[in-house]
Amino acid sequence: MKIVNNVQQQSDEWLEFREGKITGTKLKNIYQRRKSASPKEGFYELIAEMVQTAPISADLYEFRMDGRVFSMMERGSLLEPEAVEAFEKKTKKTVINDGAVWVADKDERIMVSPDGYIVDDNGKITEAVEIKCPAAKVVLRCLVENKYPAEYHEQALQYFIVNEDLQTLYFVVYTDLLPGLSLQIFPIHRKNVADEVAEMEAFELETLKRIDEIIKGLSK
């Protein structure tokens, strides 16, 4: 066993020293009793720590660069214009990002904030873009499993619920931390999620109806 004495715990040096190594804390997120099971999150985190180009504190979930600290959400907002540019270059499509909010015709309380959209020759918005700039471990999972993160599925469906003209949502996963893996595009087509969209829309409308009834009862 080798003992390293010059790394103080909880320091930046300690955080960087731990990256790419299986520690006692990380082991529970990596170890699997069944070898055939899909890799756990810690598996991708370990790979990310080995290949990413900037240090990430998994414990603090922060990005450190040039002496500044950003939350992953802040970092995602900063990278969004880069992601749009990369998407446009890859697809030859022109993305409009005017900060608009979309609301549904059936109930204006059902809405979505698009990261970007594409207008067709008839002036209709038939394509849209949702951009995520997640941690490197998430980017790697998308690559290996060839799909966007499941936790954003309902958010993706909301685009189709609000915009009845929408036919395709491009779910974009972007990073500048993994060389050669900056852009992944996962097209989601209405025809493939139509049943889920209908089910989710019905649920939202029924939920709002129940809320209205409760509020009405409170005013009596």
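The values are calculated or read from the model by the stated rules, or taken from the named source; none is laboratory data. Since the model is a prediction, treat every value here as computed from it, not as a measurement. Quick reminder, even Gly has a Cβ in these numbers, built from the backbone with ideal geometry, and neighbours come from all protein chains shown.
Kindly provide the set of residues from segment 173-195 that are in a loop (DSSP other than H, G, I, E, B) and of a type in the set (Ser, Thr, Tyr), ordered by number.
Of the residues in segment 173-195, the ones in a loop (DSSP other than H, G, I, E, B) are 175-182.
Of everything in segment 173-195, those that are in a loop (DSSP other than H, G, I, E, B) and of a type in the set (Ser, Thr, Tyr) turn out to be Thr175, Ser182.
For segment 142-152, filtering for residues that are in a helix (DSSP H, G or I) and either of a type in the set (Ser, Thr, Tyr) or over 16 Å from Ser182 (Cβ atoms) (or both) leaves 5. In the condition set (1) farther than 20 Å from Thr175 by Cα; (2) surrounded by 12 or more Cβ atoms within 10 Å (Cβ to Cβ); (3) charged (D, E, K, R), Glu108 is compliant with all but (2).
Of everything in segment 185-220, what is under 22 Å from Val119 (Cα atoms) and either surrounded by 15 or more Cβ atoms within 10 Å (Cβ to Cβ) or out of contact with any helix residue (DSSP H, G or I) (no Cβ under 9 Å at 6 or more places or on another chain) (or both)? Give them in sequence order. Before the answer, list the steps.
Within segment 185-220, the first condition is being under 22 Å from Val119 (Cα atoms), and the residues that meet it are 185-194, 197.
Hits for segment 185-220 are Ile185, Phe186, Pro187, Ile188, His189, Arg190, Lys191, Asn192, Val193, Val197.
Going residue by residue through segment 156-169, is there one that turns out to be in a helix (DSSP H, G or I), surrounded by 20 or more Cβ atoms within 10 Å (Cβ to Cβ), in the same structural domain as Val193 (by TED's automatic domain parsing) and of a type in the set (Ser, Thr, Tyr)? Yes, that holds for at least one residue.
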